[in-house]
Amino acid sequence: MAAPLAETLAQIPDVPGVYMMLDKNGDVLYIGKAVSLRNRVRSYFQDSAVHHVRTQAMVERVLDVRTVVVTNEIEALILEANLIKRYQPPYNVRLRDDKRYPYLKVTNEPFPRVLFTRVVKNDGARYFGPYTNAHGLRELIDLVRLVFPLRTCPEPIDGRRRRPCLQYHIKRCLAPCVGYQSQDDYDRMIEEVVLFLEGKQESLLSRLQREMVTSAETYNFESAARLRDRIVAVRRVTEAQQVVWRSRIDMDLLGLARAQGQACVQVFMVRAGKLLAQEHFILDGVADQPDSVLFSEFLKQFYTARTAGAPEPPGLSPLAAVRTARGVEAPVPLPKPNAKALRSAASAIPKEILVQALPLDNSVIEAWLTEYKGTRVRVLLPQRGERARYLKLVQKNAEQNLKAFLAHQEVQETAQAQSLTELADALELPEPPHRIECYDISNIQGSNPVSSMVVFIEGRAKKSDYRKFKIQYDKGPNDFAMMQETLRRRLRYLRTKTDIDVARRDGEDSKETTQTKLVDELARKEKFNKKPDLLLIDGGKGQLSAVMEVLEEMDMTGLSVAGLAKEHEWLYVPGQSEPIVLPPNSAALHLVMRIRDEAHRFAVTYHRQRRGKEMTRSAVDALAGVGPVRKKRLLIAFGSAAGIRRASVDEIAAVKGMTPALASRVKAALEKSP
């Protein structure tokens, strides 16, 4: 055991908390919780301890341990789940998270909207999910908007709009923006949407029926007709739901299937006795772990996601906890609890959760879920009866979904391995490329130039490693110079710690050494220092020659490079005048074309964003001392830059936030502008 690690272990307190095992690079290997941090963490490093092979391999890599102290075991459980989701440690059981799971979001604004999102914030909005099928979620949102005429436009409702948009005329919105629908009426409709999403259709139908009768009795037949149509639409959806329980019970059933070192958890969500939804999740890091551990970790991570966006139970802010785990001592104020968000989180947790194996920390999980819901929540292992029979059906679904996943994974991995092997043979690489980086330039006659870098790991896109560059070159259209700038800015991050040691030994000036340190720190922090096995350039001989100049300049000629020319899809490599022609139907050709097209898409998207911003710029944007707030107030007051130009200094100064001196400068600047 290293001396620094021994010193750290000696200082660990005997209190509840969460511990994080770190390797030599500072990457998180494992995250766990304990009632006593001192006893739990030290148990890993005792000479007499007998660990599983997997745990022993993890312990041998540990060089540091960080701890976060909390007040009780429930807070430790919440923090552990949040940190596992954030860091995705390789030795933890975790939900497979190649992408963020989608959620349905009911926004927190005066006239809320229903949106598709993958980003969950503690912003007072209500979130429903997670869903594993993005297409299915989009269909659900379309159904909600069809049944309930909610607004979809993001513009603020401030009374300035004079006429409704097309959505009103096709009866998909009741135009609250022009005052055709009141705030109270809209809020009632949002409550109906929430009841619909929570599976409480019977309560919703009773409410709509009462409102329809009331409208008819007051001779408001148009409103009654709209309510009648809504009732018909809700009943159509309700009739399609399968009744699985005679009693009106809320519960989740969790079935587990394991095969080939993988695991799948199937979730059936039953509300009021009806099967509301079903999802399945693939778990990573399940090797040699008992079912009790898998259910423990899944329950914590799944219900943390289900209650996302709601305030945490009193005593712990997840943002404060993450900052504490990072060593940041700045205080983080707790957000004000949002009653609607709390109710939404409570409805996401049923009264009963049926599992095939009880979690090891079952009592703590029950206490945590009970605190969220406000009423007792039980995690049960049914032994016989209707619950046990239905749980077996859920397990069969899990087995089927895992079988389909493994079959798809096998086909995909075989195709990827074949394409990488073919590519390595064609380019005469020593081994199939693990990490491929592809670059492309996008501009229109040199205006708003940008470049993109996309990354493929083992033949799969890794979007978290994508980068986009705002090109600084401004001497007209020159794709070669722009590509060289991009490569210089990217490859400088490949400088290693050895460069710092050499700089110190050779006595380089302090400025250069400081810059090298900064580059290395940024590389480690941004994970931008991973060496590519193949640089793929969108272009032919010209682009390839420009890239080789940069590699020679930076002494990195050992990197493998290839250019893909668009006209014939030929590959060009350094030192060969003739192109490499891949067979038309080869897997390698399809791979490099897919990578090149992705780089092109990413670059063009960024270029369009820049071009769009440039097209909407006005003379007001260039005014010194006029920020977004003042700009908005000036445009509201005068309508346009021309209107501001026509106004007098006194009129400009009368706008809130403006001063006579600033008004004079604004007037003078606009008079000079074209």
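Structure summary
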quantity	calculated
Around residue 575: net Lys/Arg minus Asp/Glu count, Cβ-Cβ under 14 Å	-2
In sequence order, calculated HN-Hα J values of segment 265-270 (Karplus, 6.51, -1.76, 1.60; Hz; x Gly/Pro)	10, 9, 10, 9, 9, 10
For segment 619-672, with +1 on Lys and Arg beta carbons and -1 on Asp and Glu, the positive-most of 647, 660, 637 along the dipole	637
Charged-residue dipole, Cβ positions (Lys, Arg, Asp, Glu), segment 151-306 about Cα centre, Debye nearest 20	700 debye
Cα shape, segment 619-672, gyration tensor, a/c 1.5 rule	rounded
Size of charge dipole - segment 619-672 - debye, nearest 20, with Cβ of Lys, Arg +1 and Asp, Glu -1, no other charges	120 debye
Nonlocal amide H pairs with residue 125, under 5 Å, H built at 1.01 Å	108
Overall form of segment 390-486 per C-alpha gyration tensor (a/c, 1.5; a/b vs b/c)	oblate
Exposure proxy order (Cβ contacts within 10 Å, fewest to most) of 600, 51, 135	135, 51, 600
Order of 155, 413, 366 - criterion: other Cβ atoms within 10 Å of each residue's Cβ, fewest first	155, 413, 366
Eligible aspartates and glutamates near residue 396 by straight Cα distance, threshold 17 Å, same-chain separation 8 or greater	252, 279, 291, 386
Members of 475/631; 33/462; 632/667 lying beyond 27 Å, as alpha-carbon distances in this model show	475/631; 33/462
Candidate aspartates and glutamates for bridging to residue 85, where Cα separation is under 14 Å - those fewer than 8 sequence places away on the same chain excluded	97, 98, 284, 297
Debye, to nearest 20: dipole size of segment 3-93, +1 on Lys, Arg Cβ, -1 on Asp, Glu Cβ	180 debye
Cleavage-rule hits (chymotrypsin sites (Phe, Trp or Tyr not before Pro)) in segment 20-103: DSSP loop, at most 15 neighbouring Cβ within 10 angstrom	45
Set of aspartates and glutamates with alpha-carbon distance to residue 541 below 14 Å, sequence-local pairs under 8 removed	479, 549, 567, 569, 578
Least to most buried among 73, 80, 549 (fewest other Cβ within 10 Å first)	549, 73, 80
Relative contact order %, segment 103-198, counting alpha carbon pairs below 8 Å whose residues are six or more apart	24 percent
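Read-outs: derived from the displayed coordinates by stated rules, not from any lab. The structure presented is a predicted model; accordingly, all values stated were derived computationally and were not measured. A quick note on method: Cβ atoms are made from the backbone with ideal geometry, for glycine too, and the neighbour counts reach across all protein chains shown.
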